[in-house]
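The values are calculated or read from the model by the stated rules, or taken from the named source; none is laboratory data. Nothing here was measured: the structure is a model prediction, and the numbers come from that model. When we count neighbours, we look across all protein chains shown, and the Cβ atoms used for this are built from the backbone with ideal geometry, even at glycine. Quick note on the areas: whole protein, heavy atoms, side chains included, nothing else; ligands and nucleic acids left out. Shrake-Rupley method; radii C 1.70, N 1.55, O 1.52, S 1.80 Å.
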Amino acid sequence: MQPYRLNQNEVLEQFETSANGLTDAEAEERLSRQGPNKIEAHKKSPILWMFFRQFADFIILVLIVAAVMSGWIGDLADALIILIIVVLNATVGFVQEYKADRALEALKKMAVLHSKVIRNGEVKDLLSESLVTGDLVLLESGNSVPADLRLLEAHGLKLDESSLTGESVGVDKIAEQILEEHVELGDMRNLAYKGTTVTNGRAKGVVIATGMNTELGRIASMLQLKESDTPLKIRMKEFGKKLSFFIILICFLIFLVGILRGENLVAMLLISISLAVAAIPEALPALITVSLANGARRMVRKNALIRKLPAVETLGSVSIICTDKTGTLTLNKMKVLHHHIQDGAELENIPLLWLGVSLNQDVQIDANGQMMGDSTELAMVTEFIQQFGLEKHQQLRATFPRSLEIPFDSERKLMTTIHRANEKYLVVCKGAIEAIIQQSSIRPELSSELQKIADAWASTGHRVIAFAYKMIDALPDDKNKTSLESNLIPCGLLAMMDPPRPEVLNAIDECKKAGVKTIMITGDHLLTANAIAHHIGLVNERSRSVSGKELSAMTEEEFMETVEKISVYARVSPEQKLKIIRTLQKKGHFVAMTGDGVNDAPSLKAADIGVAMGISGTDVSKESADMVLLDDRFGTIVSAIKEGRRIYDNIRKFVRYIMTCNSAEIWTLFLAPFVGLPIPLLPVHILWINLVTDGLPGLALAGERAEKDIMSRPPRPATESLFAQGIGLHIVWVGILMAGLTLGVQAWSVHQKMENWQTMVFTVLAFLQLAHALSIRGERTYLFKQGIFTNKWMIIAILFTFLLQLMVIYHPFMNRIFKTQPLDLNQLLICIGVAAVLFHAVEIEKWIKYLIRKRNHSM
């Protein structure tokens, strides 16, 4: 029978479980049988297929055919070497793709969700993937439902099932059985489905389906979901296609000119195809993905978990951070600093204010004396215990047992508890001063006095909680909130403060230098928010502070005009948060938004970078976010922006290096015939340079440290091309310079009638590329100022590549394979000296750019 038609006991029986849940042994056995509770994405390619796919590129296939042709006409050595290098190229491509897949999988594992599960009669926090049928799961507001559940208990439970049904209206859930036989999915109100979210209430349910057997799993099985490419990777693929057509055209012209000059047809074909293989950066998208994934792993070590890979490349564009106050800018550890007792009434020799503190709260104290609960209530109870002792607190709780509770909600701004007091009942209310005064029966002048005290405290950054009480003879039959929370007598105020985090002042200052504005959006009182904002240096004399009420009164045009001047928003609704973000985006800003609650999810999705709190955040906020702060610190966002800028800078360096080297090879082969020089390189030389000289130093660029001025620059526009800021021009002029120097060495060595002229050309081009790798390690910083040994992998890569090149020049076996001849010391020094010329030319380029920036800044 369908689970929705069973009562609670029948459900437990059908799924072979009990009110104490499964035992660990039962759960382990079921997990091995049912598999993990997760939605399977598209099937991964087998490793062998991933390797052979590297040969599917059209140009690689043409090169293989050309190598076979070369062998057929008798040049077996050339054919063999070309095939070996093609296989090595494929291996490098395979390793990069495999690393990218592994890195992305590792990131997914870091982002797994947890669930509260009853096992062995105890509540445990377990990975959602480990759930099995028969498990008892506890749900509360903000949770994502981890599996399909038959609800056993439901207390005010409301679910957002839009991810499953498309209906945007929340669904009220029940625990009672439904007796109808044929019920539509949306009408099975005693079931909760995997992937839906709890927007209100709490519940307990038994797992009836996991993984691909859930309703969400059935939908997923109809689709072959594929991981989407990052915007940067898509742009590079498009660029690669256009570049490929251009390079093929150039290679065809080189082939044509060679044939017209009487060069060997097969030799020219091999040279042209080898050049195309070397010049087309077909591995660039995969290498960028590896850089992003490795960067995301580094960010985890800085307590920033990247859930969506594009966030890594877009962090560098953030121009505004909209942040919550509590727990992000502050410590989230409230402390009572002031109190005001309104009257002298006492019970049990305790002023009614402190009696209210002891009674109206839900702090739990375990056997070790550790307190758990809301930070505001913890601060109040801590202060009470410091003044009167734990024993007195426990005595009062026993003397005045709680009979009824009306939980706090944002509309009433009150929490009310009713306690038995001999033959009567004591009503204790706590909440916002405005709400207490509105419901009180005291004279206006006393209300005004309380309000003045509260405003004075709030203006200095304190959070003010008001307490009130009254005595009633009996509980109302309907437990009516209106009757219980009326005619109250205020008994005092408490002033608390959540102090700023120590690192926040420096982090906000760093943001200012980086051109990133910080905006506080909080539910706190405007005066409290302003006091904290001034304390941490978030506002200045030109900044504005706005309450939710003032924001509601603004027209769209007025808000559009003033939005960039506002630094503090207080008492705002979720809809207003969304409005703030969208208006800032319309003004051209790239917005990062922090949030931790269910009501923050729309804002986190709308923001360019959604940032959820890892400690205090709900499942819904984490699912909606691009990044999760594992320590809830504002400083972590700033560190992530810095890391994002570093990663993007290094990707730009990598692209600049590869494209410049490739353009140099094209210019060298293209221009040689036009200046009357023989073909400068053999196919095996081109492929070797592409494999070794281009590869190792290029990859090492990903490990470069951030340049010293990285957080002194303005954010880059989100739509900025990788070739902006002079990169395109650099690729052209340095590529031509490298080709010119190479051809100059060729012309001189040919003129000197050197037999090993081709080895000199081969070597000088290799060394020029190594010199280029060294010089572009800093885009704005001179190498000697940056530090030669700050990137050990680059030094290792250059030394290793240099030694490999020497082996190709001087080892007899390699001489035969690569058709090289040893160079004497003078010839080798000439090659190194020419490379030094290029190095200093690029360093001079940095100096010229510095002068231009300095002139523009002074204008």
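Quick notes on this structure:
- Mean Cα-pair separation over length for the chain, i.e. relative contact order, pairs under 8 Å, 6 or more apart, %: 11 percent
- Highest mean packing comes first when the peptides 316-323, 368-375 are listed by Cβ atoms within 10 Å, giving 316-323, 368-375.
- Crossing angle, helix 24-34 versus the chain [Cα axis fit, 0-90 degrees, rounded to tens]: 50 degrees
- Projected onto its three principal axes, the C-alpha set of the stretch 669-756 covers 54, 25, 22 Å, listed from the longest axis down.
- Surface exposure of the stretch 1-43, expressed per residue as accessible area with a 1.4 Å probe, stands at 65 Å².
- Per residue solvent-accessible surface (Å²) - the stretch 474-627, probe of 1.4 Å: 42 Å²
- The fraction of all Cα pairs in the stretch 796-859 landing in successive 5 Å bins from 0 to the largest distance is 4, 14, 14, 16, 14, 9, 7, 7, 6, 4, 3, 1, 0, given as whole percents.
- Hydrodynamic radius of the chain by the Kirkwood approach over all distinct alpha-carbon pairs: 32.0 Å.
- Annotation: Cα Rg of the stretch 122-163 relative to the compact-globule expectation 2.2 N^0.38 Å equals 1.20.
- Between 0 and 90°, nearest 10: helix 634-671 axis offset from the chain longest Cα axis: 20 degrees
- The residues of the stretch 724-842 expose on average 44 square angstrom of accessible surface per residue, using a 1.4 Å probe on protein heavy atoms.
- The value obtained for the stretch 733-859, namely the Cα convex hull volume divided by the number of residues, is 110 Å³ per residue.
- Three semi-axes of the equivalent ellipsoid, the stretch 439-592, Cα gyration tensor, whole Å, largest first: 37, 20, 14
- Considered as an equivalent ellipsoid built on the Cα gyration tensor, the stretch 511-655 has semi-axes of 25, 18, 16 Å, the largest given first.
- Taking all protein chains as shown and a probe of 1.4 angstrom, D649 keeps an accessible surface of around 10 Å².
- Using a probe of 1.4 Å on the protein chains alone, the accessible area found for Y782 is around 80 Å².
- Peptide packing for 809-822, 300-313 was compared via the average number of neighbouring C-beta atoms within 10 Å per residue; ordered from the highest value, the list is 300-313, 809-822.
- Cα-centre dipole for the chain with unit charges at Cβ (Lys and Arg positive, Asp and Glu negative), debye to 20: 3400 debye
- log10 of Debye I(q)/I(0), alpha-carbon scatterers only, for the stretch 712-789 at 0.12, 0.15 Å⁻¹: -0.52, -0.71
- Carbon plus sulfur fraction of accessible area for the stretch 617-726, probe 1.4 Å, in percent: 61 percent
- Judged by the mean number of other Cβ atoms found within 10 Å, the most tightly packed of the peptides 634-644, 735-745 leads the ranking 634-644, 735-745.
- Between 0 and 90°, nearest 10: helix 792-810 axis offset from the chain longest Cα axis: 20 degrees
- A simple rule links phi to the HN-Hα coupling: the Karplus curve 6.51 cos²θ - 1.76 cosθ + 1.60 with θ = phi - 60°, which for the stretch 172-181 gives 6, 10, 10, 10, 6, 5, 10, 8, 4, 7 Hz, with x for Gly and Pro.
- Evaluated on the stretch 364-464, the Kirkwood hydrodynamic radius is 15.8 Å, with distances taken between all distinct Cα atoms.
- Other residues within the sphere of radius under 14 Å centred on the Cβ of L629, judged by their own Cβ, net out at -2 (K and R +1, D and E -1).
- Expressed to the nearest 5 percent, the antiparallel share of DSSP beta bridges inside the chain is 75 percent.
- Globularity ratio of the stretch 670-717, using Cα Rg and 2.2 N^0.38 Å: 1.97
- Protein accessible area in the stretch 333-460, 1.4 Å probe - carbon and sulfur %: 49 percent
- From its DSSP helices (H runs of at least four residues, each -39,500 (n - 2.57)), the chain gives a residue-normalised ellipticity at 222 nm of -15500 deg cm²/dmol.
- Debye intensity ratio I(q)/I(0), log10, the stretch 303-393, q values 0.14, 0.20 Å⁻¹ (C-alpha model): -0.67, -1.02
- For D135, the residues 5 or more places off, or on other chains, whose built amide H falls under 5 Å of its own are V207.
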